[in-house]
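Accompanying notes for the structure given below.
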Amino acid sequence: MTTLVEVKDLAKTFDVSPPWLNRVLERKPRQFVHAVDGLSFSIRKGRTLALVGESGCGKSTVARLLVGLYEPTRGQVFFDGQDTGVLKSSAANLRSLRRRMQMIFQDPYASLNPRWKVLDIVGEPLREHGLIGDVAVLRDKVGELLRSVGLATADMEKFPHQFSGGQRQRISIARALATQPEFLVCDEPTSALDVSVQAQVLNIMKDLQRQQGLTYLFISHNLAVVRHVSDEVGVMYLGRLVELADKAELFARPRHPYTRMLLDAIPDIHMSGSARTPVQGEVPNPLQPPSGCAFHPRCPHANARCAEERPAMRELSGVRVACHAVQEGRI
Amino acid sequence: MTTPLLEVKKLRVEFPTRRGTLLALDDISFDIAPGEILGVVGESGAGKSLTGAAIIGLLEPPGRIAAGEILLAGQRIDNLPYEQMRAIRGRRIGAIFQDPLTSLNPLYTIGRQLTETILTHLPVSADEARSRAIRLLQETGIPAAEQRLDQYPHQFSGGMRQRVVIALALAAEPQLIVADEPTTALDVSIQAQIIALLKRLCKQHGAAVMLVTHDMGVIAETCDRVAVMYAGRIGEIGPVHDVIHKPAHPYTVGLMGSIPAMDDTRERLLQIDGAMPRLNAIPSGCAFNPRCTKVMERCRNERPELLDAGPTRAACWLVGAGEVR
């Protein structure tokens with residue numbers, strides 16, 4: 001299978017310095033957050049890569065970097081073999097790139113314009129990219145898109161407030177699919193939904209992937225959902241990937257201590273009564289990340305080397321993991 | 001059998017509006033024994049939080065209790081005057097809410113908020129209240145409690161704030177704790193810590209807990225019994241294990257099937273088509289009938305009561321007809 005998306009050493013730094021006057025008067029230094037720091041992965045055509053991690057680990061920043069909502073500070077994103085950083089220099093290339101990748105956002109209440117009819121919301125990308133000019137054809141196409149996500153053709157005359165959360169998220173999906181993209185970036189698409197509605201949306205996403213050969217980057221903090229939808233899983237901690245593996249492998253044999261901790265921490269409906277051993281500590285402040293391996297203050301296997309030297313991603317029997325303890329064979 | 005600590009009998013909560021009265025809770029009955037943890041689950045708008053609010057006497061006007069009774073240790077509390085209810089709230093019923101930031105006052109130190117609560121409800125001196133506050137913070141696992149006491153809520157992280165809120169709820173040693181989505185705003189690794197903490201402290205203090213959440217995983221791990229709510233009614237209630245593994249109500253079956261679990265290999269999740277009805281359009285008969293795959297003629301006209309369905313009790317005519325189990 002061919003690789004559709006490849007990311008090499010991607011990084012994004014945000015300047016969160018105090019205002020200039022404060023820096024001068026109070027002698028405060030400039031401050032930077034390394035939201036994403038040296039990420040490398042690739043996604044093959046028709047497959048789903050899921051990124052998981054807790055809030056503040058940089059998952060959403062990766063999503064925004066991939067679709068071009070943020071400029072990377074360092075590194076490259078290749079789409080279908082072409083460097084998107086180079087493509088962006090030409091407006092025409094950028095447009096065609098935008099057509100081929102789309103994004104689904106977390107909150108279906110905030111991502112749809114409340115003053116627009118569904119027809120305009122779903123039809124906008126088609127019109128914007130000059131794919132369909134004729135109104136009658138546009139209506140047909142929008143109707144078809146709405147039906148493909150389980151809504152009715154007549155729904156195009158309604159406004160977003162007339163729909164429930166799950167239906168709104170389907171409208172977002174229909175809009176994202178309008179330009180027949182190959183790659184969809186889904187940033188927590190079901191986190192704002194109730195479980196029964198989440199099941200509807202996840203089923204639709206899987207059906208569409210099968211029918212249209214879509215490639216997904218699926219971002220979520222819910223490991224059970226990730227296990228359900230993904231082929232490969234990347235685990236992020238403080239802006240870095242700590243483990244990247246095939247889904248079955250990752251859930252059967254998690255290597256990195258953070259992955260193990262996450263898997264232990266999820267309350268599961270089939271484990272009623274079983275006691276979990278909650279890991280102590282919290283995610284550190286990204287402004288002052290710990291030295292060495294960022295996870296070492298919470299890690300039960302940390303030693304002196306972990307506190308000093310940042311572990312590199314190494315491949316071990318098909319799994320990429322960044323951990324000294326695993327690489328040294330200590331765990 | 002011991003007398004239940006909390007009894008809710010045929011509780012009905014209404015919201016009078018200009019366009020007619022909305023029935024938000026309809027015929028809710030359950031009880032909680034001392035030291036028991038009862039989970040209340042359901043999707044948004046099912047009325048879980050409202051049940052909690054009715055019990056602690058904090059219904060937002062124009063919402064009001066239209067019928068039914070709430071008894072705490074045999075004493076009616078739903079019709080008490082405001083001042084008397086205020087004395088019970090905090091003293092005998094503690095509350096924990098979803099967002100730890102909005103349940104703490106940002107302008108007061110943690111210590112002041114804790115000692116204020118203790119002094120309001122317990123006959124102790126100021127010094128004693130302070131040492132009690134320190135002990136509470138230590139119990140909830142906050143390191144360097146003595147120094148932290150003089151800090152403000154913004155100096156605490158989300159998980160730490162929720163610990164403070166739990167300490168506040170436990171400050172006057174209440175008999176009952178109403179916890180409304182206590183872990184929803186937290187990350188999974190912190191969530192596990194908070195759940196374990198809540199469980200341990202309630203056991204130590206012998207408090208009964210009503211845990212409101214939409215997360216079945218949290219329920220499975222924490223509760224003794226669970227009530228599943230749908231459109232302002234209880235659809236099924238029973239021991240946690242039985243509700244999860246042998247649900248009788250078709251809604252519970254659908255709800256359990258729609259949750260992706262860590263050990264399942266299904267290609268597709270079970271889905272319940274449609275969405276929960278709005279309060280102004282609750283169908284006649286069983287509220288779940290338009291979405292139910294096993295709907296019968298009777299379901300459209302007659303509302304089912306909670307009926308014995310083996311280990312659980314379910315409000316479904318299939319149970320009455322003996323078709324389930």
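The values are calculated or read from the model by the stated rules, or taken from the named source; none is laboratory data. Just so you know, these numbers come straight off a predicted model, no measurement behind them. A quick note on method: Cβ atoms are made from the backbone with ideal geometry, for glycine too, and the neighbour counts reach across all protein chains shown.
Can you find a residue in the stretch A:144-161 that is crowded, with 20+ Cβ neighbours inside 10 Å and assigned to a loop (DSSP other than H, G, I, E, B)?
Yes, that holds for at least one residue.
Would you confirm whether or not the stretch B:160-172 contains a residue that is facing chain A (nearest Cβ under 9 Å) and buried (at least 23 other Cβ atoms within 10 Å of the Cβ)?
No.
The rows are residues; the columns are (1) at pLDDT below 90; (2) of a type outside the set (A, V, I, L, M); (3) over 13 Å from A:Leu263 (Cα atoms).
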site	(1), (2), (3)
A:Thr215	no, yes, yes
A:Phe218	no, yes, yes
A:His221	yes, yes, no
A:Ala224	yes, no, no
A:Asp231	no, yes, yes
A:Val235	no, no, no
A:Leu241	no, no, yes
A:Leu250	no, no, no
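Enumerate the pairs (first residue in the stretch A:16-39 and free of Cβ contacts under 8 Å to residues at least 24 places away in the same chain; second residue anywhere and among the acidic types (Asp, Glu) and loosely packed, with under 14 Cβ neighbours inside 10 Å) with beta-carbon separation below 8 Å, excluding pairs fewer than 6 apart on the same chain, so at least 6 apart or on different chains.
Within 8 Å, the pairs are A:Pro18/A:Glu26; A:Arg30/A:Asp15; A:Phe32/A:Asp15.
Assess whether A:Val242 counts as being within 13 Å of chain B (Cβ to nearest Cβ), in contact (Cβ under 8 Å) with a residue 40 or more places away in the chain and in contact with a Phe, Trp or Tyr (Cβ under 8 Å, 6 or more places away or on another chain).
no
State which residue pairs qualify: first residue basic (Lys, Arg) and inside the stretch A:320-331, second residue assigned to a loop (DSSP other than H, G, I, E, B) in any location, beta carbons under 9 Å apart, and separation of 6 or more residues or different chains.
Cβ pairs passing all conditions: A:Arg320/A:Met313; A:Arg330/A:His301; A:Arg330/A:Asn303.
Got at least one residue in the stretch A:227-239 being within 14 Å of another protein chain (Cβ to nearest Cβ), among the hydroxyl-bearing types (Ser, Thr, Tyr), in a helix (DSSP H, G or I) and under 21 Å from the mean Cα position of the chain (by Cα)?
Taking every residue of the stretch A:227-239 in turn, none turns out to be within 14 Å of another protein chain (Cβ to nearest Cβ), among the hydroxyl-bearing types (Ser, Thr, Tyr), in a helix (DSSP H, G or I) and under 21 Å from the mean Cα position of the chain (by Cα).
If the requirement is being within 18 Å of A:Val195 (Cβ to Cβ), of a type outside the set (Lys, Arg), free of Cβ contacts under 8 Å to residues at least 12 places away in the same chain and facing another protein chain (nearest Cβ under 8 Å), which of these qualifies: B:Val188, B:Val218?
Answer to the selection: B:Val188.
For B:Arg266, state whether it is in a helix (DSSP H, G or I), over 28 Å from the mean Cα position of the chain (by Cα) and free of Cβ contacts under 8 Å to residues at least 60 places away in the same chain.
no
Specify the residue that is farthest from B:Met216 (Cα to Cα); the eligible residues are those in the stretch A:195-221 that are touching a strand residue (DSSP E or B) at 6+ places or on another chain (Cβ under 9 Å) and of a type in the set (S, T, N, Q).
This residue is A:Thr215.
Could you look through the stretch A:198-221, keep only residues that are of a type outside the set (A, V, I, L, M, F, W, C) and within 8 Å of another protein chain (Cβ to nearest Cβ), and pick out the one that is nearest to A:Gly56 (Cα to Cα)?
A:His221
For the stretch B:221-230, does any single residue satisfy the condition of being under 24 Å from B:Thr51 (Cβ atoms), over 18 Å from the mean Cα position of the chain (by Cα), modelled with pLDDT of 90 or more and among the acidic types (Asp, Glu)?
For the stretch B:221-230, residues under 24 Å from B:Thr51 (Cβ atoms), over 18 Å from the mean Cα position of the chain (by Cα), modelled with pLDDT of 90 or more and among the acidic types (Asp, Glu): absent.
With the checklist (1) in a loop (DSSP other than H, G, I, E, B); (2) touching a Pro at 6+ places or on another chain (Cβ under 6 Å) in hand, flag the one item B:Pro123 doesn't pass.
(2)
Just to confirm my filter: which strands (runs of 3 or more DSSP E) fall fully inside the stretch B:20-117 and include at least 1 residues that are closer than 23 Å to B:Gly238 by Cβ?
The qualifying strands (runs of 3 or more DSSP E) are B:20-32, B:37-41, B:64-72.
For the stretch A:1-15, check the following and say yes or no: at least one residue is within 12 Å of the chain's Cα centre (by Cα), closer than 22 Å to A:Val229 by Cβ and at pLDDT below 90.
So far as the stretch A:1-15 goes, no, none of its residues is within 12 Å of the chain's Cα centre (by Cα), closer than 22 Å to A:Val229 by Cβ and at pLDDT below 90.
Take B:Asp242 and decide whether it is modelled with pLDDT under 85, more than 26 Å from A:Leu151 (Cα to Cα) and within 11 Å of chain A (Cβ to nearest Cβ).
no
For residues that are crowded, with 24+ Cβ neighbours inside 10 Å and outside any strand (DSSP E or B), scanning just the stretch B:221-236, find the one that is nearest to the other protein chains (Cβ to nearest Cβ).
Checking each candidate, the answer is B:Glu221.
Kindly indicate whether A:Arg98 is surrounded by 14 or more Cβ atoms within 10 Å (Cβ to Cβ), touching a His at 6+ places or on another chain (Cβ under 9 Å), in contact (Cβ under 8 Å) with a residue 12 or more places away in the chain and not hydroxyl-bearing (Ser, Thr, Tyr).
Yes.
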